[in-house]
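In what follows, a single structure is set out as structure tokens and then discussed.
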Amino acid sequence: MTAGSLRFLSCARGGVRRLCWGRASGSSRASSGPGGVLNVFDRHMKRKQKNWAAAQPGAVHYEYLREEVGGRIADRVFDITRVFPLMLDIGCGRGYISQYLNKETVENIFQVDIAENALNNTVESEIPTWNVLADEEFLPFKEDTFDVVVSSLSLHWVNDLPKAFREIYHVLKKDGVFIGAMLGGETLFELRCSLQLAEQEREGGFSPHISPFTAVTDLGNLLGRAGFNMLTVDTDEIQVNYPGMFEVMEDLKGMGESNCCWNRKSLLHRDTMIAAAAIYKEMYGNSDGSVPATFQIYYMIGWKPHDSQVKPAKRGSATVSFGDLGKVNEFVSNAKRKGKT
């Protein structure tokens with residue numbers, strides 16, 4: 001699918017309530033935090049990037065990826081056959097999930113984001129909504145508050161992901177569910193490789209220009225350590241075609257997805273950029289002259305434990321051995337024969 005085919009028109013802003021939380025603004029530069037947690041991302045810079053992107057007149061033209069993934073998260077909410085009285089959306093942006101939901105599924109929504117410009121322009125929803133200006137790393141809510149917590153394309157910018165999962169677990173009610181999506185490790189591999197090759201050739205070395213991402217193999221462990229059970233983690237890819245590398249970078253900036261690592265390089269030389277664009281087109285270009293950009297998406301679902309949930313069978317209670325699985329057709333035939341006699 002092309003970038004143009006995914007772009008949407010903006011919706012009128014509904015009457016939402018807006019709350020502020022004092023810790024939304026900031027972070028300080030450090031190599032590690034309490035407990036040895038690496039401080040990889042400049043959260044203050046990320047807030048500035050998201051605010052700048054949300055304030056641009058044509059901001060809606062860069063929201064096609066978030067619109068698409070927000071709709072897929074909403075589909076997962078609909079798949080759970082229950083009504084959720086209270087939902088929390090972490091890193092909501094302009095409300096990319098809530099616009100797809102209805103009162104028959106979710107009765108009230110709290111939306112949290114660090115960018116006030118995004119919260120000031122949230123899309124209209126038929127569901128009563130409260131917007132909260134707060135950092136996703138510090139959720140200002142009491143324990144056992146929400147029936148469902150969702151997050152779409154926000155958690156990949158969190159420094160302490162284990163702590164973020166613990167906070168989500170903390171604010172969920174028992175038997176509550178967390179449904180999230182975040183960018184995965186293969187995201188923008190075409191851009192990453194092209195920049196590295198060009199910089200190595202022109203400057204004799206390279207610096208990271210794409211933010212590091214979590215591996216899918218780590219997500220299940222992190223969610224389990226936070227306390228979630230009945231886990232589901234799957235991965236998908238969305239490929240968007242662009243005229244060239246510079247259009248890819250322009251759209252990333254418009255999305256508020258520019259690199260905000262502390263060790264990011266402040267600039268790229270012009271000849272390095274031109275070389276990278278040529279490498280991108282040569283290595284990954286399509287036959288029509290466009291270039292693809294791959295976004296790998298990790299989807300995760302985890303439940304807060306409750307006595308009513310299905311429990312695994314006791315160890316050793318199985319009546320069939322794994323060694324007998326090859327004889328399943330024989331077992332079925334015998335069962336059918338006994339049923340006829």
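Values quoted throughout were computed directly from the atomic coordinates according to the rules given, and no laboratory measurement underlies them. Just so it is clear, the model here is predicted, and its values are computed rather than measured. All Cβ positions, even for glycine, are placed from backbone atoms using ideal geometry, and neighbour counts span all protein chains on display.
For ASP147, neighbours were defined as the other residues whose beta-carbon sits under 11 Å from its Cβ, and their charges (Lys and Arg +1, Asp and Glu -1) total +1. Within the shell defined by Cβ-Cβ distances under 10 Å, the residues around GLY227 carry a net charge of +3, with Lys and Arg each +1 and Asp and Glu each -1. Near LEU88, the amide H atoms lying under 5 Å from its own belong to PHE110, VAL148, VAL149, VAL150; only residues 5 or more places off or on other chains count, and H is placed 1.01 Å from N.
Of interest is the spacing of the C-alpha centroids, which for region 124-152 and region 43-76 amounts to 17 Å. Computed from the Cα positions only, the extents of region 128-238 along the three principal axes stand at 55, 31, 24 Å, in decreasing order. Ranked for footprinting exposure by Cβ neighbours inside 10 Å, fewest first, ARG315, ARG47, ARG94, ARG76 give ARG315, ARG76, ARG47, ARG94. Between GLU124 and LYS103, the contour length at 0.36 nm per residue exceeds the alpha carbon distance by 6.2 nm. Coordinate range of the alpha-carbon atoms in region 80-171 per principal axis, descending: 35, 29, 20 Å.
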